[in-house]
Amino acid sequence: GIRDKLVTGVQTCALPICLVALALRPRSTGGGITTPMKGRMPDWAMKDLDGRTVAGSNLVGRILFINFWATYCPPCRAEVGDFVEFTQSTPTNQVMILGASTDESPGEVVPGFAKSYKINYPMLIADGRTQEQFGGVFAIPTTFIVNRRGEFQARHIGPMTRKDLERWVTALSKE
């Protein structure tokens, strides 16, 4: 009767809703969660370990992975090897990883860390203001993926692998 029709109607509607929800869910890679983002990258500037200013506006034209991390963070340390390997095999005039340290005293701890891990990509100092410009960094590591036009593509919370980076470069190189 009516109850059977109602149950069948709910089941018919529930399946497409579940499929849409499944298709739109954040994708998990490298042990983290990736969620899509829209909008332009903020007009940020951070100091590198030599005290020079690095500005996001000077990097438009490259695919960027802006990685907020800290030396005391095990998942952050775990992804460094993949970042180093990726940087060795990728032209930095096209794609760049930027390590933005959230350490309390980055000038003291990051240089030694970078040397011991043989880090070959720019290390920057991310203060609270910079983190706010990116909408807040509530967990580390957090990596913002930015296309060549300076537009956010995604926020990845958790460690990223070389394979994750390569997938993003492949996808964004088609734009």
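The values are calculated or read from the model by the stated rules, or taken from the named source; none is laboratory data. Not measured: the values here are computed from a predicted model. When we count neighbours, we look across all protein chains shown, and the Cβ atoms used for this are built from the backbone with ideal geometry, even at glycine. Ligands, DNA and RNA are stripped out before the accessible areas are found, and what is left, the full protein with its side chains, is counted by its heavy atoms. Shrake-Rupley method; radii C 1.70, N 1.55, O 1.52, S 1.80 Å.
Quick look at the values:
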read-out: Loop-located chymotrypsin sites (Phe, Trp or Tyr not before Pro) in the stretch 25-87 whose Cβ has at most 14 other Cβ within 10 Å (DSSP); value: Tyr72
read-out: Rg to Rh quotient for the stretch 135-175, alpha carbon positions, Kirkwood Rh; value: 0.99
read-out: Percent accessible area from carbon and sulfur atoms, the stretch 130-175, protein chains only, probe 1.4 Å; value: 53 percent
read-out: For the stretch 27-175, the spread of Cα positions along each principal axis, largest first, Å; value: 40, 29, 28
read-out: Fraction of accessible area attributable to carbon and sulfur, the stretch 28-108 (%, probe 1.4 Å); value: 48 percent
read-out: Accessible area per residue in Å² at 1.4 Å probe, computed on the stretch 128-175; value: 47 Å²
read-out: Förster-model FRET efficiency, 25 Å R0, Ala171 and Val84, C-beta, rounded to 0.05; value: 0.65
read-out: Under-5 Å amide H pairs with Lys47, H placed in peptide plane, nonlocal only; value: Val54, Ile125
read-out: Overall Cα dimensions of the stretch 40-105 - principal axes, largest extent first, Å; value: 31, 29, 25
read-out: Evaluated at q = 0.16 Å⁻¹: base-10 log I(q)/I(0), Debye formula over Cα of the stretch 109-153; value: -0.61
read-out: Packing-based ranking, highest mean first, of 142-151, 52-61, 114-123 given that Cβ atoms within 10 Å are counted; value: 142-151, 114-123, 52-61
read-out: Nearby lysines by direct alpha-carbon distance to Lys38 (threshold 29 angstrom, same-chain neighbours under 8 apart not counted); value: Lys47, Lys163, Lys174
